[in-house]
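> Below you will find the structure I want to go over with you.
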Amino acid sequence: MVSSLFTPFRLGPLTLRNRSIRSAAFEGMAPGHLVSDDLIEYHRAVSEGGVGMTTVAYAAVSQSGLSFDHQLWLRREAVPGLRRLTNAVHSEGAAAAIQIGHCGLMAKKSVSGGQCFAPSGRFNLYGPTWPITMKKDAWMKPALKYFGNLLMKPEPFSEGYFLEDALKVREVVKLHLIYVGGLVSLEKIEEVLGKGFEFVQIARALINDPAFINKLRSGEITRSACKHSNYCIAVMYSDKMRCYQKEVDLPEKWKRKLGG
């Protein structure tokens, strides 16, 4: 019996070839805020690897909405590169989407061209920058350096970690819904789809292996080799998104540590 993951689904005027969507996980592949060959190749590879639709991530609607110097900025100069990207994705049989937004208080002044615009005056850990409404206290930076780990405590990975809360939304919303949050196995994907979600979004399994969906379909694998180390998240803020398992020059001690 064919898994429901691999069945087509119509979404408005668009029919996706299956129920999988590549999540909008920041790629860090837009130097100069423009589409690069690396960005095109990654989304082409994910499309060749079987997803129904891929999502280009974290595209700013204005310069003031930029966090990083390798983040896409939607403007006239970006259109030719975006056309090349969508053509590459469509040539592999997938659809293309894009995540648009404004980073608000997560803007970096040297990139966004000025003080950040935000509805609140909270401190920006990513910059680090300070909204206009906040006083720059000299003690804050060293405090974050030495005690920042207390702000974000380690949390063991549990597949489908948002499912319990997502089901509460599913119960009251009649629209089509996409589930996102820690899917790395065909078994869990089928469980999620069986609970009434029309699509599933996947990020880290596709960072680890762009061919994840096709390998699930063929039976070559039933679960991603992702180790949930968060290395891909850490590097994307300063460089290209990538899985530590694909790193050539990463010291072995780090590979052992990251592999748990």
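The values are calculated or read from the model by the stated rules, or taken from the named source; none is laboratory data. Just so you know, these numbers come straight off a predicted model, no measurement behind them. Positions of Cβ are generated from backbone atoms using ideal geometry, with glycine treated the same way; all protein chains shown enter the neighbour counts.
> Here are some conditions: (1) under 20 Å from Val51 (Cβ atoms); (2) touching a Ser or Thr at 6+ places or on another chain (Cβ under 6 Å). Leu258 meets all but one. Which one does it not meet?
Unmet for Leu258, out of (1) under 20 Å from Val51 (Cβ atoms); (2) touching a Ser or Thr at 6+ places or on another chain (Cβ under 6 Å): (1).
> Can we say Tyr179 is in the same structural domain as Ala30 (by TED's automatic domain parsing), crowded, with 19+ Cβ neighbours inside 10 Å, hydroxyl-bearing (Ser, Thr, Tyr) and closer than 26 Å to His43 by Cα?
It is true that Tyr179 is in the same structural domain as Ala30 (by TED's automatic domain parsing), crowded, with 19+ Cβ neighbours inside 10 Å, hydroxyl-bearing (Ser, Thr, Tyr) and closer than 26 Å to His43 by Cα.
> Determine the pairs where a residue that is more than 11 Å from Met53 (Cα to Cα) and charged (D, E, K, R), located within the range 1-29, has a partner that is surrounded by 13 or more Cβ atoms within 10 Å (Cβ to Cβ) and modelled with pLDDT of 95 or more with Cβ atoms under 7 Å apart, the partner being 6 or more residues away or on another chain.
Taking only residues 6 or more apart or on different chains, the pairs are Glu27/Leu39; Glu27/Tyr42; Glu27/Ala57.
> Looking at the range 161-178, can you tell me whether even one residue there is under 25 Å from Ala30 (Cβ atoms) and in contact (Cβ under 8 Å) with a residue 24 or more places away in the chain?
yes
> Next question. Inspect all residues belonging to the range 250-259 and state whether any of them is of a type in the set (Lys, Arg), surrounded by 15 or more Cβ atoms within 10 Å (Cβ to Cβ) and more than 27 Å from Leu16 (Cβ to Cβ).
yes
> When residues of the range 7-16 are filtered for being surrounded by fewer than 17 Cβ atoms within 10 Å (Cβ to Cβ) and at pLDDT 95 or above, how many remain?
4
> Exactly one condition in (1) outside any helix (DSSP H, G or I); (2) over 13 Å from Ala95 (Cα atoms); (3) touching a Lys or Arg at 6+ places or on another chain (Cβ under 7 Å) is false for Thr55; which is it?
So Thr55 meets the others, but not (2).
> Within the range 196-217, is there a residue that is among the basic types (Lys, Arg), surrounded by fewer than 14 Cβ atoms within 10 Å (Cβ to Cβ) and on the phi < 0 side of the Ramachandran plot?
The answer is no; no qualifying residue exists.
> Give the residues of the range 18-33 that are on the phi < 0 side of the Ramachandran plot and either surrounded by fewer than 17 Cβ atoms within 10 Å (Cβ to Cβ) or among the β-branched types (Val, Ile, Thr) (or both), sorted by residue number.
Ile21, Pro31
> Something else: Anything in the range 203-243 that is modelled with pLDDT under 90, of a type in the set (Ser, Thr, Tyr) and either in a helix (DSSP H, G or I) or over 13 Å from the mean Cα position of the chain (by Cα) (or both)? List them, or say none.
Ser229, Tyr231, Ser238
> Contact list please: Cβ distance under 8 Å, first residue in the range 39-68 and more than 27 Å from Thr15 (Cβ to Cβ), second residue charged (D, E, K, R) and at pLDDT below 95, pairs at least six apart or on different chains.
The qualifying pairs are Leu66/Lys108; Ser67/Lys108; Phe68/Lys108.
> In addition: Condition first: under 29 Å from Ser4 (Cα atoms) and either of a type in the set (Val, Ile, Thr) or in a helix (DSSP H, G or I) (or both). Now tell me which residues in the range 21-52 satisfy that.
Ile21, Ile40, Glu41, Tyr42, His43, Arg44, Ala45, Val46, Ser47, Glu48, Val51
> Of all residues in the range 59-95, how many are part of a strand (DSSP E or B) and closer than 16 Å to Ile21 by Cα?
Matching residues across the range 59-95 total 1.
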